[in-house]
Amino acid sequence: MPGHATPGRKVLTLVHAMMAGADCIDDCDVLRSGATGRVLGHGVMAPLTLGTFLRAFTFGHVRQLDSLSEALLAPLALSGRVVIAETFDELLGAANLAAGNPGMTGTLTVRYRKPTPLRTDLRLEARCQRREGRKIFSWAGIYHGDTLTAEADGLFIEVAPAQFLAIAEGNADSADPVMLAAIRAEALRVGAASDVHPIGE
């Protein structure tokens with residue numbers, strides 16, 4: 001098979017290049033600068049040899065690798081920490097809003113108790129615990145069955161409804177439509193903006 005020599009170094013070069021932001025073979029050349037090879041612990045391969053290596057793969061090779069990786073890695077598949085933290089931030093914000101305490105995230109402290117699996121049912125819980133002036137304290141947890149896999153404590157800062165609405169509508173292109181509708185409804189309820197109307201009216 002063409003390009004079959006030193007497959008381990010080639011695979012490691014591709015993986016490390018992707019981690020560094022490479023999205024084409026030529027981008028892998030970024031790893032060949034300075035003493036990158038010593039830092040990574042393997043020889044960095046040239047883009048030309050990587051291209052030859054990848055072009056040698058047939059569809060059958062890819063399917064074999066796919067089956068093997070699923071069999072070996074699926075039981076170990078875990079939710080990433082960034083995804084969990086983002087989920088907690090959104091969940092706590094929604095819990096605060098539902099409790100009538102909308103606010104912006106001040107701090108979010110996440111504790112990873114156990115691995116959180118993918119491709120299975122999880123239970124998410126969240127509650128607004130208390131207020132101290134403008135400070136809003138809340139808690140959330142992720143459960144796999146009865147096992148708490150991760151939890152978070154959030155400190156949110158109260159924002160005036162009109163200001164909160166302006167921030168949310170400024171991010172309307174990327175905001176969750178349900179959350180945006182809830183913020184608009186809360187702003188309307190407290191009279192924060194006279195030009196806010198419930199959706200559908």
(request) Report yes if Asp153 is without any contact (Cβ under 8 Å) to a residue 12 or more places away in the chain and in the same structural domain as Glu90 (by TED's automatic domain parsing), otherwise no. (result) no
(request) Just give me the residues in the stretch 140-152 being assigned to a strand (DSSP E or B) and either of a type outside the set (A, V, I, L, M, F, W, C) or surrounded by fewer than 17 Cβ atoms within 10 Å (Cβ to Cβ) (or both), in sequence order. (result) Gly141, Tyr143, His144, Thr147, Leu148, Thr149, Glu151
(message) Restricting to the stretch 142-160, and then to whatever is of a type in the set (A, V, I, L, M, F, W, C) and in contact with a strand residue (DSSP E or B) (Cβ under 8 Å, 6 or more places away or on another chain), can you tell me which residue is farthest from Val110 (Cα to Cα)?
(response) Val159
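The values are calculated or read from the model by the stated rules, or taken from the named source; none is laboratory data. Since the structure is predicted, the reported quantities are computational estimates derived from the model, not experimental observations. Neighbour counts run over all protein chains shown; Cβ positions are idealised from the backbone, glycine included.
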